[in-house]
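Let me begin by presenting the structure, written as structure tokens, before commenting on it.
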Amino acid sequence: MLRKIEAKVLIVDDLPENLLALRSLIQSDDRTLFQASSADEALSLMLEHEFALAILDVKMPGMNGFELAELMRGTEKTRHIPIIFVSAVGRDMDYAFKGYESGAVDFLHKPLSPFEVRSKVSMFVELYRHRKALSQQLEVLEAARREQEALLTELRETQAELQKAVQMRDSFMSIASHELRTPLNGLILDVQLRKLRLEQGRTDAFTPDKLHEMIARDERQIRSLSRLMDDMLDVSRIRTGKLSVIPQPGDLGVLAGNVVEGLAAQFASQGNHIDLQVDGPAPVMMDEFRIEQVLANLLTNALRYGGGKPVLVRVSSEGEIVRAEVRDQGMGISEADQRRVFEQFERVCDAGVAQGLGLGLFISEQIVQAHGGRIELSSRLGEGSCFSVLLPRRV
């Protein structure tokens, strides 16, 4: 909405009776009148207010009207104020030219004609109002244009986010279906094979040793399915802000030892092992279940991408920080991919390595951040990788 436009008119004359006479002619409810009895007083008012019109008496002691007009035209704030000169001199052309050269837009000649004075003042006041109204409208249009640009930018960003979300959804569905199918197919094939052997009366296929092998194989497949389902549930919790983290006093070195012990058999089955180094107490506030999930994920990745070489786990305290490092000697991660691997569904490309959902590092980083910590990655291609979990030391 356009604001009401105030019009201010300045009258300058050294004689009080002239000011009073001119004021009585032009005063109106739609304008505010200011008066000055000298050029210095007039300049002071013009620097303080924005005037629609200045009516200057030509002959004043000290600085006359022409000199005041020239000074106004040399000042940025006052150069655009329309000037009407009031003169007792007749309509002399040389005199008029001098006035116009000084910056006048019109003349009022004494004795003043009330109709002429009112009509000229009203004309300049209306011109001022129209000009200000146009300026306001342009400001409104410019503000609307900027708002539309901002909305358009926001719309484009939202559209890009939606496209990315759709791509991520499609990628997730493709990856999830593939990854879930692998252990599920193994279970289905094992069940079908056992059913066939039972129908054939092959009881020799169910000796205690073979049953142990079947159970161990089933457990591996079920663990894989369970891990995949847990990852998907955690991503959903993270997106909705419902990831549960309940920190309790604990020791990161002790927890790391438990995780290493729990994964030792899995490493040994692939001809590998984990070296554990704990450099003294490592007191932290942590949700043991969640931090165990992080360390297990880092160790599983180290087994997957470590090239069959030993993995080192080291826990140490550094001032106010407790650090747990998981270092492998495998393929390494390029500098360009080091940030990408923490994004959802991003995986290190290696045709010779079984791929997961690409959620483990994303979930791990979210868990560590929820503890007030961070995960750092140091790696070079061909020289292995070191993932470091940094948590605040418990005082």
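The values are calculated or read from the model by the stated rules, or taken from the named source; none is laboratory data. What you see is a predicted model, and the numbers here were worked out from it, not measured in a lab. Please note: Cβ atoms are built from the backbone with ideal geometry, for glycine as well, and neighbour counts cover all protein chains shown. Each accessible area value is taken on the protein alone, full model and side chains, heavy atoms only, with ligands, DNA and RNA left out. Shrake-Rupley method; radii C 1.70, N 1.55, O 1.52, S 1.80 Å.
Look through the range 295-328, keep the residues that are among the polar types (S, T, N, Q) and part of a strand (DSSP E or B), and return whichever of them is nearest to Arg380 (Cα to Cα).
Ser316
Name the single residue, out of those in the range 267-282 being open to solvent by 20 Å² or more (accessible area, probe 1.4 Å) and touching a Lys or Arg at 6+ places or on another chain (Cβ under 9 Å), that is farthest from Arg220 (Cα to Cα).
Filtering first and then ranking leaves Asp279.
Which one of Glu365, Glu343, Glu383 is open to solvent by 50 Å² or more (accessible area, probe 1.4 Å), modelled with pLDDT under 95 and in contact with a helix residue (DSSP H, G or I) (Cβ under 8 Å, 6 or more places away or on another chain)?
Glu343 is the lone residue from the list that is open to solvent by 50 Å² or more (accessible area, probe 1.4 Å), modelled with pLDDT under 95 and in contact with a helix residue (DSSP H, G or I) (Cβ under 8 Å, 6 or more places away or on another chain).
From the list Glu149, Glu154, Glu142, exactly one residue is open to solvent by less than 90 Å² (accessible area, probe 1.4 Å), modelled with pLDDT of 90 or more and acidic (Asp, Glu). Which is it?
None of the other options fit; the residue is Glu142.
Can you pull out the residues in the range 231-243 that are under 26 Å from the mean Cα position of the chain (by Cα) and surrounded by 10 or more Cβ atoms within 10 Å (Cβ to Cβ)?
Asp234, Val235, Ser236, Arg237, Ile238, Arg239, Leu243
I need a count of the residues in the range 288-313 that are out of contact with any strand residue (DSSP E or B) (no Cβ under 7 Å at 6 or more places or on another chain), touching a residue at least 24 places away in the same chain (Cβ under 8 Å) and over 20 Å from Arg220 (Cα atoms).
5
Consider only pairs whose beta carbons are under 9 Å apart and that are at least six residues apart or on different chains; among these, list those whose first residue lies in the range 234-251 and is hydroxyl-bearing (Ser, Thr, Tyr) and whose second residue is assigned to a strand (DSSP E or B) and open to solvent by less than 90 Å² (accessible area, probe 1.4 Å).
So the pair list comes out empty.
Name the single residue, out of those in the range 302-318 being at pLDDT 90 or above and open to solvent by 20 Å² or more (accessible area, probe 1.4 Å), that is nearest to Arg374 (Cα to Cα).
Residue satisfying both the conditions and the ranking: Ser317.
Do you know which residues across the range 5-27 are farther than 18 Å from Ser38 by Cα and open to solvent by 40 Å² or more (accessible area, probe 1.4 Å)?
Glu6, Ser24, Gln27
Which pairs have Cβ atoms under 6 Å, sit 6 or more apart or on different chains, and link a residue in the range 41-61 that is over 22 Å from Ser87 (Cβ atoms) to one that is assigned to a strand (DSSP E or B)?
Here the result reads His49/Lys8, each pair linking the range 41-61 to a residue that is assigned to a strand (DSSP E or B).
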